[in-house]
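The values are calculated or read from the model by the stated rules, or taken from the named source; none is laboratory data. Note that this is a predicted model, so its numbers are computed, not measured. Every residue, glycine as well, gets a Cβ built from its backbone with ideal geometry; the counts of neighbours run over all protein chains shown.
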Amino acid sequence: MVKNVAEEEGIPAHFLAKILQQLARKGLLRSSKGPTGGFALKVDASEIRLLDIVEALDGLAPYQQCAVGLSECNDEMPCGVHDTWKNLRSRIMDYLGRNTIADLAKALEQKKKTLAVGKKIKAKRPAATKRV
């Protein structure tokens, strides 16, 4: 399974395996060993927020720190991008907190359907004739 997904996505299998193992250690996936083993969601996709995945893989520290790396950056002592980063960070955290894997899967399926319809419409159009 890991090898197939990695190949399909164009990433090294060992890299994907490490990500999946980390998600399993954090309780988002379950893994089984052996020839028929692999990974599966531990809970329903609608219960796994994107924020849970980011937290499991990277932690939330990058979203809680100053964007330019200052140790003292807050509303009283802001850096030059503090207000912009604070607003952007809030929007990112909101998006990650309210969207789930199920939401992403649904959006992907909808996009595939839309693209397929577009291809059918394009294929039905008569070929343009060249004028000489």
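Is it the case that the stretch 60-74 has a residue that's modelled with pLDDT of 95 or more and aromatic (Phe, Trp, Tyr)?
No: the stretch 60-74 contains no residue that is modelled with pLDDT of 95 or more and aromatic (Phe, Trp, Tyr).
Of everything in the stretch 1-19 that's farther than 27 Å from residue 94 by Cβ, assigned to a helix (DSSP H, G or I) and among the aliphatic types (A, V, I, L, M), which residue is modelled with the lowest pLDDT?
2
Only one of 40, 61, 45, 67 is in contact with a helix residue (DSSP H, G or I) (Cβ under 6 Å, 6 or more places away or on another chain) and surrounded by fewer than 15 Cβ atoms within 10 Å (Cβ to Cβ). Can you tell me which?
Among 40, 61, 45, 67, only 45 is in contact with a helix residue (DSSP H, G or I) (Cβ under 6 Å, 6 or more places away or on another chain) and surrounded by fewer than 15 Cβ atoms within 10 Å (Cβ to Cβ).
Mind checking whether some residue in the stretch 37-57 is over 24 Å from residue 1 (Cβ atoms), of a type outside the set (Ser, Thr, Tyr) and either assigned to a loop (DSSP other than H, G, I, E, B) or assigned by TED's automatic domain parsing to the domain that holds residue 102 (or both)?
Yes - at least one qualifying residue is present in the stretch 37-57.
Within the stretch 22-36, restricting attention to residues that are assigned to a helix (DSSP H, G or I) and surrounded by fewer than 16 Cβ atoms within 10 Å (Cβ to Cβ), which residue is farthest from the chain's Cα centre (by Cα)?
Out of the qualifying residues, it is 25.
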